[in-house]
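Report on the following structure.
The values are calculated or read from the model by the stated rules, or taken from the named source; none is laboratory data. All figures in this text were calculated on a predicted structure; none of them were measured in a lab. All Cβ positions, even for glycine, are placed from backbone atoms using ideal geometry, and neighbour counts span all protein chains on display. Accessible surface is based on the protein model in full, side chains and every heavy atom, while ligands, DNA and RNA are left aside. Shrake-Rupley method; radii C 1.70, N 1.55, O 1.52, S 1.80 Å.
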Amino acid sequence: MNHTEEITGPVEKSYQKSLLLFTFLFLGSYSTLFILFPFSYWRDYFNLPSHLMLLDVLTNIIFCAIILIVSLFIDRVLNRKISWMVNPVKRLIIQIIFQSFGALLVIIGLCIIYYMYGEYLTVTPPVKIGLRETFYTIISIILWALMVSALNTGDFLLKNWKNATIKAAEYKVKAAESKQIAAEIELQALKLQLDPHFVFNNLSVLSELILKDQQLGHEYTENFAKVYRYLLINSKKKLVHLHEELHFLHAYLFLIENRMGDGCTFHIDIDKSKLNMQIPPITLQLFIENALKHNRTEEENPLVVQIYSNDNDELVVSNTILPLIKKAPSTQIGLKNIIHRYALLSDRKVAIENNKETFTIKVPLIK
């Protein structure tokens, strides 16, 4: 659906509603007159010349249209000023008063126009009516204006109820999605903690480092513990400060660099003013893991990963593309999780740029 269709839809529905209300008011006005006026009135009325009868019908059409316009205008103004949800009794009383006075003003205005210009238009009452019928006619006009307002108000409240119901359902869906995503993130973190390959690889590196360099082995053990501690503490959180995520990332990259050697290099350049902004936890680890999974890591041609901030309050992770000879199967769950998490946390979206040379992900930093 394009923008024009989105605008045309509500306008067309509003036109249809106005047409139905006008038809209701026009037919209702004649049905009321048939009840109020005696048989003698209608006998004389139908004996009038056809052009006077047509003039009377056209006059009633104009009158009903003006009553409808005034009634809908009063409702629109009151909808902006007094909420039905906040003060329903006050709104009801004020609406009845304003609609009644509005109908009276229309009647008085048309009477003044008829008095001033009737002779020029050669308009004369088709049939004489008494004071009693005139009084009842004015009361019926006011009642019909109130009924039109009641129908319009009912339509307005029904639309609001439907919108509120839809928003409540969307909120429940988002809440369910949030819980599901949180569970997936926690499960992914637990898998990382319990992944035998991850543990085996790191323990193998640790045992070699202890034999070669005890100090480096000690540092590796400390960073290994920092990674798991961070996952345990923050995997359930919605957001963490960027400086916390970077502290975790340094520990994680220490493990990567000592395990893979010179096959990959990392460049981090974060503006200090951005460090207190927030980001979903484990975001950077997922991006690094994604880059390592889908690219070669060679000492002669190392994989280069850049992590930096820009002026748009975004964190950018960009890596060179070194395609694997045999591509590993991928579900892209990690990237999908990040995109869904941001959809729940912020109006800004994750941007992914993929060309022949680099793969770049931009995530908004949340204040």
Exercise. Once you've got the Cα coordinates, tell me which of Lys90/Lys172; Lys172/Lys362; Lys17/Lys349; Lys159/Lys238; Lys167/Lys274 are over 31 Å apart.
Key: Lys90/Lys172; Lys17/Lys349; Lys159/Lys238; Lys167/Lys274
Self-check item: region 288-367, accessible area per residue, ligands and nucleic acids excluded (1.4 Å, Å²)
Solution: 60 Å²
Quiz item: Counting DSSP beta bridges in region 220-345, what percent are antiparallel, to the nearest 5?
Solution: 55 percent
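Expected output is a single nm value to one decimal: the length gained when fully extending between Val173 and Leu211, i.e. 0.36 nm times separation in residues minus the C-alpha distance. What is it?
Once the chain is fully extended between Val173 and Leu211, it gains 8.3 nm.
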Quiz item: R0 = 41 Å: FRET efficiency of Lys272 with Lys336, Cβ-based, nearest 0.05?
Solution: 0.85
Quiz item: Roughly how many Å² is the accessible area per residue of region 198-263, as a whole number, for a 1.4 Å probe?
Solution: 55 Å²
Practice problem: Starting from the Cα of Glu300, step 7 Å along the direction of its Cβ; do the same at Lys159; then give the gap between the two resulting points in nm. | Solution: 7.0 nm
Quiz item: Between Leu27 and Lys293, what FRET efficiency comes out of the Förster formula 1/(1 + (r/R0)^6) with R0 = 56 Å and r the beta carbon distance, rounded to 0.05?
Solution: 0.20
Exercise. Would you be so kind as to identify which of Met277, Thr297, Val317 lies farthest towards the positive end of the dipole of region 270-317, taking Lys and Arg as +1 and Asp and Glu as -1 on Cβ and the Cα centre as origin?
Key: Met277
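Could you work out what % of the accessible surface of region 257-340 is carbon and sulfur, using a 1.4 angstrom probe and leaving DNA, RNA and ligands out of the count?
Answer for region 257-340: carbon and sulfur cover 47 percent of the accessible area.
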Quiz prompt | Projected label distance in nm at Asn87 and Arg43, using a 7 Å step from Cα toward the beta-carbon | solution = 5.4 nm
Quiz item: What residues have an amide H closer than 5 Å to that of Leu322, excluding those fewer than 5 places away on the same chain, when H is modeled at 1.01 Å from N in the peptide plane?
Solution: Arg296
